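Below: the structure, in structure tokens.
Values in this text are rule-based calculations from the coordinates and carry no lab data. These numbers were taken from a predicted model, which means no experiment stands behind them. Here the Cβ positions follow ideal geometry from the backbone for every residue, glycine too, while neighbour counts run over all protein chains shown.
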């Protein structure tokens, strides 16, 4: 026990050196504060909207009034031609065009379906979603208000309720307007920052030992390959546990994310950190210089994000890529964490993701041990020489 405490303490000192701490510690805290400064307002306000009013009567003016009263929208121009409105969008002066066609009110009187067309500039996905959501809420409020007025007028004559005609609303080209892209983006950034800091920080530590020829002595001092990797994992998770508390405070406190399963969210984040650390220890054994870590691992976040199925569904992946994605710790966490934060009572349905994280932790820990032992064996001396092995003799 005394040797274990001494070894963990020694690994902690190595991890808190200046070059490693920048990536391992500061990246998580500074990165999250940077995100918080961008997204702290969460919802944008007063996005400019242009209305094409070809109806030009009290009903269309009421629609314009409803749109302008929405907190997300501001009607900056009312035009009578679609061409003028679309030119406003092309020039970047408006984020959406609401087209009210001629005959809108007469169709409603004839019990036909009125049709309001919405064109949304989707070059900025978050803005487009906010605008389209605001438009849908506004038109929906108008529809409910219209129904209530007609019910007040015709109640209690049931057969007159057929006069209540809904408004057909179509939008282009945003898909699901109910999706909260603020929540979507924040979860993605949060997980990727944790992953990147652990991958780079942990791998840098192993590469640093290789570069300064201290890895073999560290293994000997720890009492073997298994104990060395275990004590190193414990040291990293000691620091990461503190960082998870701080980063979670930023995520849930500063950014105002309301988690429906806060305790379990923390448990999943901890297990994700363990799996990522085990993965990083395996990757770190391939590097003999710190610069190689920075040249390669900084590009892992985007591919792992795309492979996780968080942005593009797994069902549409080629089989080979989908099976490969199961080897990445980002896959189970990005598929479970959003549901943990948004859906109350979802924990019993997400156990397979927890088992996935535990399995990856054990898998990468075991193959790291085997790889470490293989590289140190005499039978692979030629291979070690060709690969510029991490085992070397320090210069006198």
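Structure above, values below:
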| read-out | value |
| --- | --- |
| Ordering of 320-332, 281-293, 249-261 by packing [mean C-beta count within 10 Å, highest first] | 281-293, 320-332, 249-261 |
| Exposure proxy order (Cβ contacts within 10 Å, fewest to most) of 55, 315 | 315, 55 |
| Shape category assigned to the range 180-268 from the gyration tensor of Cα positions, a/c cut at 1.5 | prolate |
| Sorted by Cβ density within 10 Å, fewest first, the residues 68, 319, 53 | 319, 68, 53 |
